[in-house]
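J.: Just passing along the structure, written as structure tokens.
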Amino acid sequence: MDIVGDGFLARSLRRISMEHPRTVALASGVSWAACSDRAEFAREAALLRDVIRHCTARGALLLFFSTASTAMYGPSGGPGREDQKIVPSNSYGVHKLALERQLRASDAAHLILRLGHLVGPGQP
């Protein structure tokens with residue numbers, strides 16, 4: 001597995017990277033659900049475009065980490081449900097949903113994981 005990034009998630013994936021040789025994990029980008037910085041969003045969107053091109057050219061699987069926060073599903077108080085319309089509650093959620101759509105529209109083989117609160121050794 002090639003890992004793009006050097007944060008908590010990227011470091012956690014390193015120990016299993018040899019088991020997934022034709023996978024690229026995009027473990028870099030905006031990870032703060034309260035972020036509204038357009039420059040940060042643009043940087044992450046550009047990185048995703050670059051990684052999509054790389055994975056498509058190599059025939060690699062792109063592992064993309066999105067969010068399962070209330071920013072994605074809204075502050076309804078209930079659980080986020082994949083069988084209901086997703087209505088992001090802030091610019092971070094709108095951004096992450098747009099990235100998912102960008103990836104789905106590409107030719108890259110991919111897996112999108114919506115992660116919640118991550119815990120483990122070395123967590124920030």
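J.: Just to confirm the filter: which chymotrypsin sites (Phe, Trp or Tyr not before Pro) across the stretch 1-98 are DSSP coil and have at most 16 other Cβ within 10 angstrom of their Cβ?
T.: TRP32
J.: Could you let me know the centre-to-centre spacing of the stretch 3-23 and the stretch 45-124, using Cα atoms, in angstrom?
T.: Answer, in whole Å: 17.
J.: Also: With every protein chain kept in place and ligands, DNA and RNA left out, what is the accessible area per residue of the stretch 36-112? Probe 1.4 Å, answer in Å².
T.: It amounts to 56 Å² per residue over the stretch 36-112.
J.: Shifting gears a bit: Out of these labelled values of Cα extents along the principal axes in Å, (i) 40, 35, 31; (ii) 39, 31, 25; (iii) 33, 30, 25, which was calculated from the coordinates shown here?
T.: After the calculation, the listed value that fits is (i).
J.: Mind checking the angle between helix 91-104 and the chain's longest principal axis? C-alpha axes, 0 to 90 degrees, to the nearest 10.
T.: 40
J.: Taking every DSSP beta bridge with both residues inside the chain, roughly what % is antiparallel (nearest 5)?
T.: Roughly 0 percent of the beta bridges in the chain run antiparallel, per DSSP.
J.: At 222 nm, what helix-only mean residue ellipticity would the chain give, in deg cm²/dmol to the nearest 500, using -39500 (n - 2.57) for each DSSP H run of four or more?
T.: Per the formula, -11000 deg cm²/dmol.
J.: Still on this structure: Could you give the length gained on full extension between ARG81 and LEU61, defined as 0.36 nm per residue of separation minus the Cα-Cα distance, in nm?
T.: 4.7 nm
J.: In nm, give the distance between the simple-model label positions of ILE112 and MET18, each being 7 Å from the Cα along the Cα-to-Cβ direction.
T.: Rounded to a tenth, the inter-label distance reads 3.4 nm.
J.: For the Cα atoms of the chain, what angle does the longest principal axis make with the long axis of helix 38-58, in degrees from 0 to 90, nearest 10?
T.: Its long axis makes an angle of about 40 degrees.
J.: How about the stretch 1-98: which trypsin sites (Lys or Arg not before Pro) there are in a DSSP loop, with at most 14 other Cβ atoms within 10 Å of their Cβ?
T.: ARG22, ARG81, LYS85
J.: Next question. Amide H to amide H under 5 Å from LEU61: which residues, 5+ apart in sequence or cross-chain, H placed 1.01 Å off N in plane?
T.: Residues meeting the amide H criterion: THR23, VAL24.
J.: Mind giving me the nanometre distance, one decimal, between the label points for ARG49 and SER91, set 7 Å out from Cα along Cα→Cβ?
T.: Taking the two extended label points, one gets 1.9 nm.
The values are calculated or read from the model by the stated rules, or taken from the named source; none is laboratory data. Computed from a predicted structure; not experimentally measured. Cβ coordinates were reconstructed from backbone atoms using ideal geometry, including for glycine residues, and neighbour counts include every protein chain displayed. All accessible areas refer to the heavy atoms of the entire protein, side chains included, with ligands and DNA or RNA removed. Shrake-Rupley method; radii C 1.70, N 1.55, O 1.52, S 1.80 Å.
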